[in-house]
Amino acid sequence: MSAAPSTLVVATGNRGKIRELISLLGDLPLNVVSVADVLGQKPAVAEDEDTFAQNACKKAVAIGSAVGMLTLADDSGLEVDALGGRPGVRSARFAGENASDEQNNAALLAALAGFSGDKRRARYRCALALFDPRRDGVPIIVEGVCEGFIAHAPRGNGGFGYDPLFFMEGEGKTMAELDLAQKNRISHRAHAVTALRPRLELLLGATLLPS
């Protein structure tokens with residue numbers, strides 16, 4: 001007899017991230033839900049730390065404590081070499097607060113005008129923080145990275161964020177030209193989930209043991 005699935009609350013309002021995490025974790029005994037599904041809306045947590053890992057940890061603890069359930073927080077974004085690692089933790093706000101994906105992409109292209117070749121090298125970085133408020137200890141934090149270049153114009157209609165500009169040399173496509181299965185094989189978020197999986201499986205095994 002299989003154990004009942006545990007609930008995993010994803011501490012984000014980004015439906016694209018939730019969709020990817022549901023797909024990446026679909027083989028585990030988990031009922032993956034958004035924080036809005038539990039609380040009706042996502043509590044405001046200031047993402048004002050210096051690194052993706054620090055922001056993910058802050059969100060996981062704040063929202064995990066609010067819902068009282070196993071919580072996974074994602075903080076991720078784009079690092080461009082020619083811009084000294086920007087937009088980094090400000091990836092969602094590169095063109096300003098509440099900027100759309102299209103506005104952020106336009107701001108990135110403008111910032112890289114005149115740069116070519118290796119100077120457009122970039123990477124997506126994802127930090128995941130897993131927090132269980134029912135247990136003692138600190139959040140589990142892992143990271144995943146995906147290398148690429150910034151294209152000179154957007155291509156593709158899939159994904160979200162900077163995906164239309166993030167060109168992957170090995171694939172010959174931008175991230176937005178990949179289907180979800182392809183993206184979940186090679187993306188920064190996929191690599192982070194791969195790193196997290198053994199720890200999550202261990203935690204689930206302990207959680208699902210009969211009392």
In nm, what is the difference between 0.36 nm times the number of residues separating R185 and L109 and their Cα-Cα distance? 24.7 nm
What lysines does K59 reach when the alpha-carbon gap must be under 28 Å and sequence neighbours fewer than 8 apart in one chain are set aside? K17, K42, K183
Going fewest to most other Cβ atoms within 10 Å around each Cβ, R135, R199 line up as R135, R199
Calculate one ³J(HN,Hα) per residue across the stretch 83-91 by plugging θ = phi - 60° into the Karplus curve 6.51 cos²θ - 1.76 cosθ + 1.60, and present them in order as whole Hz with x for glycine and proline. 9, x, x, 6, x, x, 5, 9, 4
Per residue of the stretch 181-187, in order, report the coupling 6.51 cos²θ - 1.76 cosθ + 1.60 (Karplus, θ = phi - 60°) as ³J(HN,Hα) in whole Hz, putting x for Gly and Pro. 5, 5, 4, 6, 8, 10, 6
Taking just the alpha carbons, could you work out the radius of gyration and Dmax for the stretch 9-121, both in angstroms? 16.2, 50
Using the eigenvalues of the Cα gyration tensor, what equivalent ellipsoid semi-axes result for the stretch 86-137 when each is taken as the square root of five times the eigenvalue, whole Å, largest first? 32, 16, 7
For the chain, what does -39500 (n - 2.57) per DSSP helix run (n ≥ 4), summed and divided by total residues, give at 222 nm, in deg cm²/dmol to the nearest 500? -10000 deg cm²/dmol
Neighbour counts of other C-beta atoms within 10 Å: give me H188, H152 arranged from fewest to most. H152, H188
Going highest first, how would you order 94-101, 57-64 by mean Cβ packing within 10 Å? 57-64, 94-101
Pairwise label distance in nanometres, T51 with N31, each label 7 Å out on the Cα-Cβ vector: 3.5
What Rg and what Dmax come out for the chain when only alpha-carbon atoms are used, in angstroms? 17.6, 63
For the stretch 103-202, Kirkwood radius (reciprocal of mean inverse C-alpha pair distance, Å): 14.9
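Read-outs: derived from the displayed coordinates by stated rules, not from any lab. These numbers come from a predicted model, not from an experiment. Neighbour counts run over all protein chains shown; Cβ positions are idealised from the backbone, glycine included.
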